[in-house]
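Peer 1: Below: one structure in structure tokens.
The values are calculated or read from the model by the stated rules, or taken from the named source; none is laboratory data. None of these values were measured; they are calculated from a predicted model. Using ideal geometry, Cβ is built from the backbone for each residue, glycine included, and neighbour counts are taken over all protein chains shown. Remember, those area values only see protein heavy atoms, side chains included, never the ligands or the DNA or RNA. Shrake-Rupley method; radii C 1.70, N 1.55, O 1.52, S 1.80 Å.
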Amino acid sequence: ATPCENATRAEALPGLVQALADAPPKMGTVGLLTKISPWIDASAKIATVAVLGLAFWQYYQTGQDAKRERSLQLVAEWVEGGQPERIASVNSFLLNAAATARPQVEALPETMRDKAWANANERIIASLVARDDSDAAKTRADIDQLFSFFVRLEICVSSGLCDADVASNYFLVEAQSLTTELAPLVVKLRETGHPAYGKAAEAFVSRVSTE
């Protein structure tokens, strides 16, 4: 360009700048994105929350399914491990012991029978604590196995690894029976060097009864 042309362009620039300034504003790409970006952000957030919510639900369901599965595994172990047979064996021992004592108690005057039954019960408990004979030793071993199972069950439920409702449906009646019917034995064993005996079963009953 010649010096004359450069001078002409220089003189025209102020007028061009003013004309652009006076022209109506146009919405460019940046302006458009600026206006719609909040909606994009909001939609993205909604989609993210929805995805996270679905993922959490799936995780929750998977967790619940895993809890139920672990609980049902313990149910299978209870059955396959012979625990129902152990309960039947313990009941049989106690009933036979009571049947043996009955004639002696009923031969006494009625005013003495309550005391006689209490003494008979104490002898039965003492035989289980000391494992006096083979029947008492076997029954005591069965009782120990039953209470040991409830140690595992209570740990599983209290730690949140097992489903409390499933555990309650299958084991609450048995746990209540053990902790109630064998309470004198549990007390005696705690007094003779086993302070934690039966506590897990009691904790399980308390836990699932209040949930």
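Peer 1: What are the pairs, 6+ residues apart or on separate chains, where a residue within segment 85-104 that is within 14 Å of residue 121 (Cα to Cα) has its Cβ under 6 Å from a residue that is open to solvent by less than 60 Å² (accessible area, probe 1.4 Å) and assigned to a helix (DSSP H, G or I)?
Peer 2: The qualifying pairs are 93/139; 97/124; 101/120.
Peer 1: Considering 102, 140, 113, which residue is open to solvent by less than 60 Å² (accessible area, probe 1.4 Å) and not aliphatic (A, V, I, L, M)?
Peer 2: Result of the check over 102, 140, 113: 140.
Peer 1: Still on this model: For residue 139, indicate whether it is under 30 Å from residue 206 (Cβ atoms), in contact with a helix residue (DSSP H, G or I) (Cβ under 9 Å, 6 or more places away or on another chain) and among the hydroxyl-bearing types (Ser, Thr, Tyr).
Peer 2: The answer is yes for residue 139.
Peer 1: Within segment 139-150, does at least one residue satisfy the condition of being modelled with pLDDT of 95 or more, within 26 Å of residue 85 (Cβ to Cβ) and under 17 Å from the mean Cα position of the chain (by Cα)?
Peer 2: The answer is yes; a qualifying residue exists.
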